[in-house]
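Engineer: Quick one: this structure, given as structure tokens, is what I'll be asking you about.
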Amino acid sequence: MAMGDIAFNLLIFFVILARANDDSHLQWTPSRVENLQTAGHSVISVLIDKDSKLYLNGQQVGISELSNLIEDLIPENPSEDERTVLLKVHQETLAQRFEPVIEAVSEAGGKLVHIVEEEKN
Amino acid sequence: MRGRRTRVLVEPPSHATGDIAFNLIVFFLVCASIQPDSGRPQTLPSAETVEENQQQDNIEVAMKRTAVLLNGEALPESQWSQLPKRLKSLLSGRSKPEDRIVVVKSDKDTPYHHWIHITSVIEDAGGVVTLQLEEEREVQVP
């Protein structure tokens, strides 16, 4: 019985630890678009939340450092998946905020995938 | 002769509850982690490609907060359904990717849902989206 409890507590510990690099706790509403594809899995996720704050893999960052930070996360001779940057932008974010982010991802050599929801007709 | 009664509902042993909970958590964690996101990939051409191509007549889409200008002609939100058809006719006959560049300029107050909708329409029509960003310049006033 004690073994089960130890394993359970270890699992909770690692789940909480993993959430430090996770952006699921951030608040944003995705836009709705037609003709979507599966985004696949990526280790790089950039998010602009409803307060227009910018996050890289769940950590708040500034726009000026974004390009370099993404470059550091992309390994040398990357595969398509390793270059993929998931971009999650709150639907009401304005162009003056999200366009420099797109530019920074592009500069860093990332393959941009906009995370959105399927619009059903 | 009395037939044997089979018990359909059997309670799991109470000492196994922890193990069952553990396995259920692992199961749901695995399910959640393999759930892929859906999205739209976007390839933006490098600035050099666009500069080389600037002599040619690129299609230009300007986005305002509630309207879109296609080569300078305003399309209010009510006419956006015409946009795919008009873009396809403008892009017809342009086979090379560098000829299919559509320069997208956005006002500062263009919301993302509006921007992603229009750029998706451009890509679905066969255009290659290129962003034209305003350069920030520092002007020193004497």
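The values are calculated or read from the model by the stated rules, or taken from the named source; none is laboratory data. For clarity, every value in this text was computed on a predicted model and none was experimentally measured. As a convention, Cβ positions derive from the backbone with ideal geometry for all residues, glycine included, and neighbour counts pool all protein chains shown. Just so you know, the surface numbers come from the protein's heavy atoms only, side chains and all, with ligands and any DNA or RNA stripped out. Shrake-Rupley method; radii C 1.70, N 1.55, O 1.52, S 1.80 Å.
Engineer: Which of the following residues is open to solvent by 60 Å² or more (accessible area, probe 1.4 Å) and touching a strand residue (DSSP E or B) at 6+ places or on another chain (Cβ under 9 Å): B:Glu98, B:Glu73?
Structural biologist: Among B:Glu98, B:Glu73, only B:Glu98 is open to solvent by 60 Å² or more (accessible area, probe 1.4 Å) and touching a strand residue (DSSP E or B) at 6+ places or on another chain (Cβ under 9 Å).
Residue-by-condition table, conditions (1) part of a helix (DSSP H, G or I); (2) over 21 Å from A:Glu118 (Cα atoms); (3) open to solvent by 80 Å² or more (accessible area, probe 1.4 Å):
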residue	(1), (2), (3)
B:Leu69	no, yes, no
B:Trp80	yes, no, no
B:Leu83	yes, no, no
B:Arg86	yes, yes, no
B:Gly93	no, yes, yes
B:Val103	no, yes, no
B:Lys108	no, yes, yes
B:His117	yes, no, no
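Engineer: What number goes with the only condition from (1) at pLDDT 90 or above; (2) part of a helix (DSSP H, G or I) that A:Val113 does not pass?
Structural biologist: A:Val113 satisfies all of (1) at pLDDT 90 or above; (2) part of a helix (DSSP H, G or I) except (2).
Residues are listed down the side, and each one gets a yes or a no for (1) facing chain B (nearest Cβ under 8 Å); (2) farther than 22 Å from A:Glu103 by Cα; (3) among the aliphatic types (A, V, I, L, M):
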residue	(1), (2), (3)
A:Asn9	no, yes, no
A:Phe13	no, yes, no
A:His25	no, yes, no
A:Asp51	no, no, no
A:Leu56	no, no, yes
A:Pro78	no, no, no
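Engineer: Inspect all residues belonging to segment A:61-79 and state whether any of them is of a type in the set (D, E, K, R), crowded, with 16+ Cβ neighbours inside 10 Å, outside any loop (DSSP other than H, G, I, E, B) and under 15 Å from the mean Cα position of the chain (by Cα).
Structural biologist: No, every residue in segment A:61-79 fails to be of a type in the set (D, E, K, R), crowded, with 16+ Cβ neighbours inside 10 Å, outside any loop (DSSP other than H, G, I, E, B) and under 15 Å from the mean Cα position of the chain (by Cα).
Engineer: If you don't mind, there's one more thing I want to ask. Hey, among the residues in segment A:80-97 that are more than 9 Å from every other protein chain (Cβ to nearest Cβ) and under 15 Å from the mean Cα position of the chain (by Cα), which one's most open to solvent (accessible area, probe 1.4 Å)?
Structural biologist: The qualifying residue most open to solvent (accessible area, probe 1.4 Å) is A:Asp81.
Engineer: Checking the structure you have, find out if any residue of segment A:71-89 is of a type in the set (A, V, I, L, M), within 19 Å of B:Thr110 (Cα to Cα) and at pLDDT 90 or above.
Structural biologist: For segment A:71-89, residues of a type in the set (A, V, I, L, M), within 19 Å of B:Thr110 (Cα to Cα) and at pLDDT 90 or above: present.
Engineer: Moving on to the next point. Condition first: modelled with pLDDT under 80 and not in a loop (DSSP other than H, G, I, E, B). Now tell me which residues in segment A:38-60 satisfy that.
Structural biologist: If the condition is that a residue be modelled with pLDDT under 80 and not in a loop (DSSP other than H, G, I, E, B), then A:Thr38, A:Ala39, A:Gly40 are the ones that fit.
Engineer: Please go through segment B:7-64 and give me each residue that is modelled with pLDDT of 75 or more, assigned to a helix (DSSP H, G or I) and of a type in the set (Asp, Glu), ordered by number.
Structural biologist: The answer is B:Asp19, and nothing else.
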